[in-house]
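The values are calculated or read from the model by the stated rules, or taken from the named source; none is laboratory data. Predicted model, so just to flag it, every value in this text is computed and none were measured. Glycine also receives a Cβ, built like all others from the backbone with ideal geometry; neighbour counts cover every protein chain displayed. When the accessible area is computed, the model is the full protein with side chains, heavy atoms only, and any ligands, DNA or RNA have been set aside. Shrake-Rupley method; radii C 1.70, N 1.55, O 1.52, S 1.80 Å.
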Amino acid sequence: MQYILIFISAIFVNNIVLSQFLGICPFLGVSKKVDTALGMSAAVTFVLTIATIVTFLIQKFVLDTFGLGYLQTITFILVIASLVQMVEIILKKVSPALYQALGVFLPLITTNCCILGVAILVIQKNYDLLTGVVYAFSTALGFGLALTLFAGLREQMSLVKIPKGMQGTPIALVTAGLLAMAFMGFSGVVKI
């Protein structure tokens with residue numbers, strides 16, 4: 001039951017983009033088309049889940065063991081950057097089709113603060129490995145849901161006439177604010 005609550009909470013109630021405001025850059029930058037939003041969502045889900053596992057193990061078995069907790073942030077950044085590079089190399093060799101589909105998005109994930117934020121939140125919330133992985137996967141799905149919904153809204157907005165002063169970034173920010181307010185409606189559903 002705890003995993004179901006974490007799943008629902010991470011996707012709807014505490015959405016990483018709309019509630020915690022992490023991952024805003026790709027949220028605004030990659031959300032012009034639903035196709036690219038879905039590709040970015042898949043890449044973030046894959047990397048976020050793997051990065052959480054690796055950073056959790058490094059935190060528990062290296063940083064905590066040797067009293068190096070103060071190196072958490074820089075270590076996690078290096079791990080995530082190298083992990084993204086390693087995933088990119090492996091995908092290029094093993095599955096060129098998947099590499100072509102995700103290749104554009106993998107370098108963008110390196111600078112996505114959502115990945116680092118979730119890795120740190122798993123440690124701060126004192127989750128065990130399985131709970132952390134469920135939280136990371138759910139958070140990635142929530143990121144993907146918000147990104148895809150926002151991309152769909154932006155595609156629809158490209159079809160309507162918007163006043164010149166509101167075109168582009170201003171209407172995107174207003175729409176993102178309204179989407180965040182809509183997700184606030186879920187705030188009473190789950191309490192963790």
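Values for this structure:
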| read-out | value |
| --- | --- |
| Accessible area in the full protein assembly, largest first, 1.4 Å probe, for Ser158, Ser19, Ser9 | Ser158, Ser19, Ser9 |
| Where the chain is the region considered: accessible area per residue in Å², 1.4 Å probe | 53 |
| Which of Cys113, Cys25 is most accessible, then next, and so on - probe 1.4 Å | Cys25, Cys113 |
| Cross-link pairs Lys33/Lys164; Lys33/Lys92; Lys32/Lys92; Lys93/Lys125; Lys32/Lys164 - those with Cα-Cα distance over 29 Å | Lys93/Lys125 |
| Helix 113-124 axis, angle to the chain major axis (alpha carbon atoms, nearest 10°) | 40 |
| Residue order for Ile4, Ile120 - accessible surface, 1.4 angstrom probe, largest first | Ile4, Ile120 |
| Residue-level accessible surface for Ser187, protein heavy atoms, 1.4 Å, Å² | 60 |
| Protein accessible area in the stretch 96-149, 1.4 Å probe - carbon and sulfur % | 72 |
| Sparse-neighbour loop sites [chymotrypsin sites (Phe, Trp or Tyr not before Pro); the stretch 4-65; at most 16 other C-beta within 10 Å; DSSP] | Phe21 |
| The chain: angle of helix 72-94 to the longest principal axis, Cα-based, in degrees nearest 10 | 80 |
| Two-decimal Rg to Rh for the chain - Kirkwood Rh, Cα set | 1.00 |
| Label point distance in nm, Met86-Thr65, each placed 7 Å from Cα along Cα→Cβ | 1.6 |
| Highest-fluctuation residue, Leu78, Leu116, Leu141 considered, GNM on the chain with Cα pairs under 10 Å | Leu78 |
| Helix axis angle, 169-184 relative to the chain longest principal axis, alpha carbon, degrees | 60 |
| The stretch 18-103, Rg to Rh (Cα coordinates; Rh as Kirkwood inverse mean 1/r) | 1.05 |
